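Student: Quick one: the structure is below, and I'll ask about it shortly.
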Amino acid sequence: MTTVAVVGLGRIGAQNDIAGVDSVMPRSHVGGIVADPVLQIVALIDPNPNARDAVLRRWPSLQSAVLLSTLDGLALGAADVIVLAGPTGTRDRDAMVAIGKMPRLLIVEKPFANSLMEGRRLAEAARAAGVTLRVNFPRRFDPGHAEVRAYLHGMPSNVAGRYTKGIRNYGSHAIDLLLDWFGAVKEVQAFGGAQNGGDPCISFRCGMAAGFDAVLLGMGNVDYDQFELEFYFRDRRIELANGGVEKRVSIAVNDLHYPGYAQLGAATALSADRPVGGMKELYRAVSEHLTKGAPLEGCDEKSALAGLAVVDAVLASLEAGGQAIRPEKA
């Protein structure tokens with residue numbers, strides 16, 4: 001068996017599946033790990049005993065796992081995989097402690113670090129220790145997003161999007177998707193102000209190295225979530241709506257009311273609406289990598305640092321009054 005320790009048993013760590021026990025799609029790290037027969041959780045780590053107890057009630061098969069309040073108590077080499085799903089405020093310290101425990105693989109929730117400089121320090125420490133690093137952006141493994149990506153042919157002319165909950169939170173998901181699907185970001189340019197304090201919602205333009213712009217609007221003063229992306233091609237628009245649950249395409253048609261013009265027709269579904277998954281697929285890939293030597297997809301060290309560079313560049317551009325900044329100069 002491949003052993004796993006999970007640090008942080010909150011929403012993404014375990015509570016998404018505890019709250020939705022009837023779901024057939026794992027929505028948390030613990031749910032995704034339990035779904036794979038090769039993986040065995042040997043340690044559940046959270047300072048809140050109620051959170052640990054809730055996991056044991058939901059998954060009685062985990063009764064043999066060691067229960068710890070902090071990662072410091074985990075024995076050296078006790079887990080092949082350590083998953084960091086705790087608060088972002090402790091992530092940098094937890095990552096260094098986890099690397100010192102010598103797992104084969106370290107999976108870190110986004111954001112990987114609070115800055116590019118800190119991310120480089122953690123990546124260098126993992127590399128020196130021989131620990132493979134992956135940052136969890138579940139859309140990289142979600143089957144629905146894979147369907148949309150396969151439908152894209154060539155590069156779009158433009159991308160437009162909206163996000164809430166901060167640039168390091170939802171914004172980092174959008175940045176990672178752009179990097180994964182379309183390649184490097186050449187420059188960024190912030191515009192407007194920042195909303196939401198510690199993790200601000202900033203509107204910004206990504207000038208993609210592929211030759212098009214992606215514009216993301218940071219929306220801080222609304223009482224609902226936004227993670228919406230629209231990909232504009234010459235003859236169609238493809239949408240990821242409702243956080244990526246709804247996937248639609250609209251084809252250009254001759255305008256019925258103004259002859260000689262073309263408009264986008266009614267949107268049709270690209271696939272059935274379903275929640276964004278990826279946890280089951282992530283841990284299947286982890287087990288196949290560790291037991292069979294299969295390549296491990298996902299957001300690796302290089303991609304994680306590229307995403308942090310974009311975030312740092314957006315913050316620097318905002319501070320510089322909207323100056324265009326190259327991510328590597330952040």
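The values are calculated or read from the model by the stated rules, or taken from the named source; none is laboratory data. In this text, all values refer to a predicted model and were calculated from it rather than measured experimentally. As a convention, Cβ positions derive from the backbone with ideal geometry for all residues, glycine included, and neighbour counts pool all protein chains shown.
Let's see how each residue does on (1) more than 19 Å from Val310 (Cβ to Cβ); (2) in contact with a helix residue (DSSP H, G or I) (Cβ under 6 Å, 6 or more places away or on another chain); (3) among the hydroxyl-bearing types (Ser, Thr, Tyr):
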site: Glu187; (1), (2), (3): no, no, no
site: Ala190; (1), (2), (3): no, yes, no
site: Ile202; (1), (2), (3): no, yes, no
site: Phe212; (1), (2), (3): no, no, no
site: Glu230; (1), (2), (3): yes, no, no
site: Ile238; (1), (2), (3): yes, no, no
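Student: Shifting gears a bit: Would you mind finding the one in Asp46, Asp53 that is in contact with a helix residue (DSSP H, G or I) (Cβ under 8 Å, 6 or more places away or on another chain) and assigned by TED's automatic domain parsing to the domain that holds Val286? Quick ask: steps written out before the conclusion?
Tutor: Values: Asp53 fails: in contact with a helix residue (DSSP H, G or I) (Cβ under 8 Å, 6 or more places away or on another chain).
Only one candidate qualifies: Asp46.
Student: From the list Phe227, Phe191, Phe182, Phe231, exactly one residue is aromatic (Phe, Trp, Tyr) and farther than 29 Å from Ser271 by Cβ. Which is it? Lay out the reasoning, then the answer.
Tutor: On the way: Phe227 fails: farther than 29 Å from Ser271 by Cβ; Phe182 fails: farther than 29 Å from Ser271 by Cβ; Phe231 fails: farther than 29 Å from Ser271 by Cβ.
Checking each option against the conditions leaves just Phe191.
Student: Could you identify the single residue in Ala79, Ala95, Ala75, Ala113 that is aliphatic (A, V, I, L, M), in a helix (DSSP H, G or I) and in the same structural domain as Gly32 (by TED's automatic domain parsing)? So that I can check it myself, show each step before the final result.
Tutor: Details: Ala79 fails: in a helix (DSSP H, G or I); Ala75 fails: in a helix (DSSP H, G or I); Ala113 fails: in a helix (DSSP H, G or I).
Just a single option satisfies the conditions, and that option is Ala95.
Student: Look at region 154-198 and say how many of its residues are part of a loop (DSSP other than H, G, I, E, B), touching a Phe, Trp or Tyr at 6+ places or on another chain (Cβ under 9 Å) and closer than 22 Å to Gly119 by Cα. Don't jump to the end; show me each part of the working.
Tutor: We begin by selecting, within region 154-198, every residue part of a loop (DSSP other than H, G, I, E, B); these are 154-157, 164-169, 183-184, 196-198.
Those still in the list that are touching a Phe, Trp or Tyr at 6+ places or on another chain (Cβ under 9 Å) too: 154-157, 164-165, 167, 169.
Of the ones still in play, those that are also closer than 22 Å to Gly119 by Cα are 165, 167, 169.
Qualifying residue count, region 154-198: 3.
Student: Restricting attention to region 222-235, does a residue exist that is over 16 Å from Arg162 (Cβ atoms), among the aromatic types (Phe, Trp, Tyr) and either touching a Phe, Trp or Tyr at 6+ places or on another chain (Cβ under 7 Å) or surrounded by fewer than 19 Cβ atoms within 10 Å (Cβ to Cβ) (or both)?
Tutor: yes
Student: Scan region 256-277 and tell me whether some residue there is modelled with pLDDT of 95 or more, of a type in the set (S, T, N, Q) and touching a strand residue (DSSP E or B) at 6+ places or on another chain (Cβ under 7 Å). Reasoning before the result, please.
Tutor: Step one: of region 256-277, the residues modelled with pLDDT of 95 or more are none.
Checking region 256-277: not a single residue is modelled with pLDDT of 95 or more, of a type in the set (S, T, N, Q) and touching a strand residue (DSSP E or B) at 6+ places or on another chain (Cβ under 7 Å).
Student: I've got another one for you. Just checking, which of Val159, Val108 is assigned by TED's automatic domain parsing to the domain that holds Val314, surrounded by 22 or more Cβ atoms within 10 Å (Cβ to Cβ), in contact (Cβ under 8 Å) with a residue 24 or more places away in the chain and in contact with a Leu (Cβ under 9 Å, 6 or more places away or on another chain)? Reasoning before the result, please.
Tutor: Details: Val108 fails: assigned by TED's automatic domain parsing to the domain that holds Val314.
Matching residue, one of Val159, Val108: Val159.
Student: Search region 11-40 for residues that are hydroxyl-bearing (Ser, Thr, Tyr) and pair each with any residue that is assigned to a loop (DSSP other than H, G, I, E, B) and modelled with pLDDT under 90 when their beta-carbon atoms are under 6 Å apart and the residues are at least 6 apart or on different chains.
Tutor: none
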